[in-house]
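Notes to accompany the following structure.
The values are calculated or read from the model by the stated rules, or taken from the named source; none is laboratory data. Everything numeric in this text was worked out from a predicted model, so none of it was measured. For neighbour counting, all protein chains shown are included, and Cβ atoms are generated from backbone atoms with ideal geometry for every residue, glycine included.
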Amino acid sequence: MKALRPVLLLVLLALAVVFPLLFPNPAVDTVAVLTVLFATAVTAWNAFSGYSGYISIGHAAFFGIGSYAVAILCQDWHVPGGYLPFLLLPVAGLIAVVFAVPMGWVALRTRKHTFVILTIAMFFIMQLMAFNLRGLTNGSRGMSLPIPTHWSGAFYDLPFYYVGLALLLLALAVSWWIRNSKYGLGLLAIRDDEDRARGLGVRTGAFKLTAFVIAAFFFGMVGGLHAYFVESIFPAFAFDPLIDLMVALMAFLGGLGTLAGPVLGAVILEPAQQYFTIWFSRPGYYLMIYGALFLVIILLLPQGIIPALRARFTRSEALAGPVRHTEGGDGLAGAALAAEGDAERGGGA
Amino acid sequence: MRIVVDAIITGVLSGGIYVLMALGLTLIFGVMDIINVGQGALVILGAYLSYVLQQHLHIDLFLGLLITMPVMFGLGVALEAAFVRPIRWERTTLSILVTFAIALLIQGALSLVFSTNLVQMHAWYVDHSLRIGSFYLAWVYIFDFLLSVVLVAGLYLLLNRTKFGASLRASMQNRTAAQLIGIDVERVSAITFGIGVALAAAGGMAYGATSAFNPNSQYDLISRLLAIIILGGMGSLRGAVIAGLGMLVVEDVTSVVWSPVWASTVFYMALVVVLVVRPQGLFGRLAGRQQ
């Protein structure tokens, strides 16, 4: 199994690269673009929430900030449609970082429960700003982005897909690095027992904030790319609470705190969501199916697909189970032990 | 000055409505350690139930509570048993996602049945106003406030004068210890959830009588309610009352001295400032390590 892993990863990567060439159907490729975008967002979200245990239901705020950043910059600098707007994505990410540092600093002063709902509240503050700062965002009338007029038909989705795929690979690399570094071990220690981690010399505040900001950076870039892809943005859609929910659900379905779980969750749920949106176009049905799906996943498979599979296929189940089960015992040692266990199995992927 | 005083009066009166909804939320959190993100949707469901009773059976909005509150209590008990109790792993986080999913289900069902057109309730006390000097106030604000006072007083008596209240407070203080001295914490949890949802029904009626609503109003409501219970301190009943009244006063005063557009933003800003100084909220206990 171990020797096969690099081969398997290369095959998956090659499949991802040639996918739009195999299916040159614009409808399919649109779903592929959205899937890649969500996979990036979930991977980045997991690098903060999955590893540190601080569940953020507000990172969609940075998605919205990135969307508006690209829209406003394109408008002010008269950027034409084409490849140029892609260069603005890192700028959008950095603008999201500028917002994320103070927001994260305030939110991370609180502990788990309060933190979760504080992130929700911050998300709604930003949505309100997008509605209210009319001079900047044009209020509820929304903004339009440059349209790449000379891309047409089946080609249209390709640049978006490959830029999105590049972002996904970058996010995966960052997530992999965090998981296998001393920094990541510190985050896991925070997840298991924050006070003890601090007692052992982990700089918890800086650790948490860094991961929060890294995730925000990716959300900003994903938001910007999504805005350019859909060509126009509105406050209620750029700052959409469903995005937060989708991201959390995808991470939980795949396996919170694993490297590959978020991608798996996105690959399963994003096409499913697009399918539901098309076939059950009345908003009520769509929301109900979504809520029901959510309940089923969480109640039947609360640990996610990857941890469940791993528990089945690994003999030493004590190591395979989520670290949190070592409650009351040696939490920090448990984290270190599990991280080592994962490293032995090749980084948990 | 005059308009500021008027704004404070309306702020306090309409704040009572938010106190009802927020009490349900903070009570559930206190006992069960979970955050019911579905509270906003349940409030809207309560508002629609009262609306239907009035439209089809011609039952007065306030009398209708005698039907909707028990029904919603039952719904709360059922939701707790079906979706919240089975969560064994990562309770806090998963319960947020589960209740969010319940919110989506309710929002979806309501949009299917009632569409997303805004609904406005009517009754003589909604359409007629009381004149105080140069200032008009719809009767419904006064009735709503009285309703809040009665229900909060009832809740206070229930918590402090009954045996059930004692076991509820014990479960709030320490779940494990309460279990050890023979309190059926599961039963207390189910009933608490029911009470929280019944309070949402009352809050929903009061809210629907003062402002137009549709199924999407749940997002606006839940973000305000969460802000209120964080500001008051999670699990603190006194905090929820003070923060609920305070929020609406701040909003109403801001909207007359500055602009209605920024009314809720100012409140959220105040929340952030308070959290910088006191991360546990006004009356909360520090969420440090639990032994």
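From the list A:Val18, A:Val11, A:Val101, the lone residue that is among the β-branched types (Val, Ile, Thr) and in contact (Cβ under 8 Å) with a residue 12 or more places away in the chain is A:Val101. Within the stretch B:273-282, the set of residues being more than 7 Å from chain A (Cβ to nearest Cβ) and assigned to a loop (DSSP other than H, G, I, E, B) comprises B:Arg278, B:Gln280, B:Gly281, B:Leu282.
Mind checking whether some residue in the stretch B:103-122 is buried (at least 23 other Cβ atoms within 10 Å of the Cβ), modelled with pLDDT of 90 or more and more than 14 Å from chain A (Cβ to nearest Cβ)? No, the stretch B:103-122 contains no residue that is buried (at least 23 other Cβ atoms within 10 Å of the Cβ), modelled with pLDDT of 90 or more and more than 14 Å from chain A (Cβ to nearest Cβ).
When each of B:Leu45, B:Leu97, B:Leu79, B:Leu53 is tested for being modelled with pLDDT under 85 and buried (at least 19 other Cβ atoms within 10 Å of the Cβ), the lone residue that passes is B:Leu97.
Of the residues making up the stretch B:69-92, just one is within 21 Å of A:Leu287 (Cα to Cα) and among the β-branched types (Val, Ile, Thr), namely B:Val84. Within the stretch B:199-222, if we keep just the residues that are at the interface with chain A (Cβ under 9 Å from one of its Cβ atoms) and surrounded by 24 or more Cβ atoms within 10 Å (Cβ to Cβ), the residue that is farthest from B:Ile142 (Cα to Cα) turns out to be B:Pro215. With a requirement of 2 or more residues that are among the β-branched types (Val, Ile, Thr), the helices (runs of 4 or more DSSP H) lying completely within the stretch B:130-212 that satisfy it span B:139-161, B:185-210.
Only one of the listed residues (B:Ile230, B:Ile222) is within 11 Å of the chain's Cα centre (by Cα) and part of a helix (DSSP H, G or I). That residue is B:Ile222. Being without any contact (Cβ under 8 Å) to a residue 24 or more places away in the chain, within 13 Å of another protein chain (Cβ to nearest Cβ) and among the aromatic types (Phe, Trp, Tyr) is a property that holds for A:Phe276.
A count restricted to the stretch B:73-90 and to residues that are among the basic types (Lys, Arg) and more than 10 Å from chain A (Cβ to nearest Cβ) stands at 1.
Results for (1) away from every other protein chain (no Cβ under 14 Å); (2) in contact with a Leu (Cβ under 7 Å, 6 or more places away or on another chain); (3) at pLDDT 90 or above; (4) not in a helix (DSSP H, G or I), shown as yes or no for each residue.
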{"site": "B:Met234", "(1), (2), (3), (4)": "no, no, no, yes"}
{"site": "B:Val250", "(1), (2), (3), (4)": "yes, no, no, no"}
{"site": "B:Ala263", "(1), (2), (3), (4)": "no, no, no, no"}
{"site": "B:Leu271", "(1), (2), (3), (4)": "no, yes, no, no"}
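Screening the stretch A:100-214 for helices (runs of 4 or more DSSP H) wholly inside it with 1 or more residues that are within 30 Å of A:Leu13 (Cα to Cα) and more than 13 Å from every other protein chain (Cβ to nearest Cβ) returns the ranges A:157-179, A:182-192.
For the stretch B:256-269, the set of residues classified as surrounded by fewer than 16 Cβ atoms within 10 Å (Cβ to Cβ), within 20 Å of A:Thr114 (Cβ to Cβ) and small (Gly, Ala, Ser) is empty.
Table: residues versus (1) in contact with a helix residue (DSSP H, G or I) (Cβ under 8 Å, 6 or more places away or on another chain); (2) within 14 Å of chain B (Cβ to nearest Cβ).
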position: A:Ala14; (1), (2): no, no
position: A:Phe23; (1), (2): yes, no
position: A:Thr40; (1), (2): yes, no
position: A:Trp45; (1), (2): yes, yes
position: A:Ser52; (1), (2): yes, yes
position: A:His59; (1), (2): yes, no
position: A:Phe63; (1), (2): yes, no
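None of B:Gly76, B:Gly46, B:Gly30 is within 19 Å of the chain's Cα centre (by Cα) and under 20 Å from B:Phe143 (Cα atoms) except B:Gly46. Of the residues making up the stretch A:279-304, those that are closer than 11 Å to A:Phe252 by Cα, more than 7 Å from chain B (Cβ to nearest Cβ) and either assigned to a helix (DSSP H, G or I) or touching a Gly at 6+ places or on another chain (Cβ under 6 Å) (or both) are A:Ile297, A:Gly304.
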